[in-house]
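The values are calculated or read from the model by the stated rules, or taken from the named source; none is laboratory data. Predicted, not measured: the structure shown is a model, and the values here were computed from it. So basically every Cβ, Gly included, is an ideal-geometry build from the backbone, and we count neighbours across all protein chains shown.
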Amino acid sequence: MIRWGLVVLGLLVTAWAVETWEVVRVGRVDYVSLDSFAKFYGFKVPQEIEGKRPFELSSAGGTLQLTLDSREMRWKGARYWLSHSVRKESEVVLIPRVDLVKTFDPLLRPNGEIPRRPLQGVVIDPGHGGGDEGTRAARGLSEKTANFDVAKRLVRCLDKAGIPWVLTRTKDRYVDHADRSKLADDHPGYIFVSIHFNEDSSRSSEGWETYSLSPQFAPSTSSGGSLVGDEDQIWPGNGYDHHNFLLTQAIHRSAVLAKSNAPSDRGVKRARFKVLRLANSPSVLVEGGFMSNPREASLLRTEEYRQQVAEWIFAGIQAYARSQENPQAAARLQLAKDRVATNAVGTMAGVKKNEEVAPFRSRGTNLSASNVAPAVVVPNPGQGVVVAPAAVGGVEPEVRKALPVGTEKKE
Ligand SMILES: [Zn+2]
């Protein structure tokens with residue numbers, strides 16, 4: 001009797017789901033058809049999609065630019081990198097499923113049914129420090145110093161706006177990555193912002209790139225789209241995939257679409273940097289230009305440009321905070337501010353030293369927390385069972401239906 005009930009329910013779910021999302025597996029990667037994607041988000045699809053020329057999907061909300069066999073994507077003037085290439089198989093254009101759930105959906109429906117997280121404050125992480133210098137520009141300026149200078153400027157912006165903050169280091173010393181990330185544990189509702197500058201063996205490389213943690217089962221941008229084998233693990237940071245992406249792209253857009261002096265746009269990227277893996281909060285890592293590029297290095301040697309970098313980051317944080325506001329947000333922010341003030345984390349004049357910060361409190365991986373969606377298991381023939389990339393970080397109910405039929409784990 002129970003078995004029959006399940007079969008009937010299964011058939012109904014199948015019929016409904018197929019009507020909504022056409023899911024196709026090519027190799028180890030799942031895709032949805034461009035037609036079902038366009039229908040769901042209200043995009044107009046061009047008649048012909050051929051070759052390597054970018055094609056545009058238009059909607060009232062904006063224009064999305066995609067290219068066959070490419071991971072590059074543009075949305076309203078800014079550049080993003082998908083986990084896998086858009087492709088065409090048997091005359092059907094396919095969109096990677098992991099990008100539908102982890103990139104397009106947060107981008108196109110930032111405030112669906114996933115609970116908002118009103119901003120309570122910011123953990124500012126000036127990268128490197130002490131014996132770990134990071135990279136270095138020609139003629140002196142080291143990355144650790146530039147990171148810290150921008151962090152202090154960001155502190156002043158946050159103070160003016162009345163947004164609480166805490167620094168992972170307050171002087172030139174090395175702090176372990178895990179300790180940096182764990183600072184977010186002691187400050188519930190804070191976001192984690194790691195500040196870095198870039199380097200490359202080619203002196204011509206320049207521009208701004210902004211990173212969020214790669215979702216589970218998604219390759220990192222630098223892997224060229226190939227799965228290299230470390231994608232199966234769920235990191236604490238994956239509990240915030242949706243908000244990680246919103247925060248990352250808000251900061252990225254603020255910089256690369258700036259009205260003046262905008263750095264060149266290297267895109268919103270994904271990586272499994274240790275601070276992003278371990279941060280138990282929405283997190284972002286900013287690479288605000290190349291110290292190995294003579295032009296950007298000389299800009300970075302000026303206070304004006306470092307101030308500009310801090311202000312771009314700040315404007316991105318503000319845009320993210322606005323996207324998370326709800327009627328209670330202002331009240332909560334005030335509460336957080338009071339709490340922080342009594343803890344003396346406070347103002348620039350009394351920059352809080354790490355030693356004064358309450359001891360780190362490890363909450364482990366905390367993946368049973370209520371903000372993490374239950375795992376969805378997808379049978380993967382010949383390769384055992386894998387957890388679907390949509391498993392963590394919040395997934396909108398309709399997009400969840402893009403998961404292969406009959407694979408939802410009973411809750
Ligand atoms: Zn760095």
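Worth pointing out:
- Residue in segment 130-151 that is closer than 26 Å to Glu325 by Cα and among the charged types (D, E, K, R) present: no
- Evaluation of Leu278 against the conditions (1) touching a helix residue (DSSP H, G or I) at 6+ places or on another chain (Cβ under 7 Å); (2) under 15 Å from Tyr80 (Cβ atoms) shows that the sole unmet condition is (2).
- Residues in segment 126-138 that are touching an Asp or Glu at 6+ places or on another chain (Cβ under 9 Å), at pLDDT 90 or above and more than 9 Å from the ligand (Cβ to nearest atom): 4 in all.
- Within segment 154-194, being crowded, with 21+ Cβ neighbours inside 10 Å, under 20 Å from Gly134 (Cβ atoms) and basic (Lys, Arg) holds for Arg169, Arg180.
- Boolean, Asp230 is away from the ligand (no atom under 16 Å from the Cβ), of a type in the set (D, E, K, R) and in contact (Cβ under 8 Å) with a residue 60 or more places away in the chain: no
- For segment 118-125, the count of residues that are touching a Pro at 6+ places or on another chain (Cβ under 9 Å), of a type in the set (Gly, Ala, Ser), part of a strand (DSSP E or B) and more than 16 Å from the ligand (Cβ to nearest atom) is nonzero.
- Top-ranked residue of segment 271-321 - restricted to ones that are acidic (Asp, Glu) and over 14 Å from the mean Cα position of the chain (by Cα), ranked as surrounded by the most Cβ atoms within 10 Å (Cβ to Cβ): Glu296
- Checking segment 211-229 against the condition returns a match, with at least one residue being crowded, with 24+ Cβ neighbours inside 10 Å, closer than 21 Å to Gln318 by Cα and not small (Gly, Ala, Ser).
- The set of residues in segment 139-186 being under 17 Å from Leu276 (Cβ atoms) and more than 16 Å from the ligand (Cβ to nearest atom) consists of Ala178, Asp179, Lys182, Leu183, Ala184, Asp185.
- Enumerated strands (runs of 3 or more DSSP E) restricted to segment 126-236, each holding at least 2 residues that are aliphatic (A, V, I, L, M) and either outside the structural domain of Lys102 (by TED's automatic domain parsing) or more than 23 Å from the chain's Cα centre (by Cα) (or both): 165-167, 190-198
- Test: residue in segment 200-214 that is on the phi > 0 side of the Ramachandran plot and either within 16 Å of the ligand (Cβ to nearest atom) or at pLDDT below 95 (or both): yes
- Among residues of segment 102-125, those that are β-branched (Val, Ile, Thr), under 18 Å from His242 (Cβ atoms) and modelled with pLDDT of 90 or more, counted: 1
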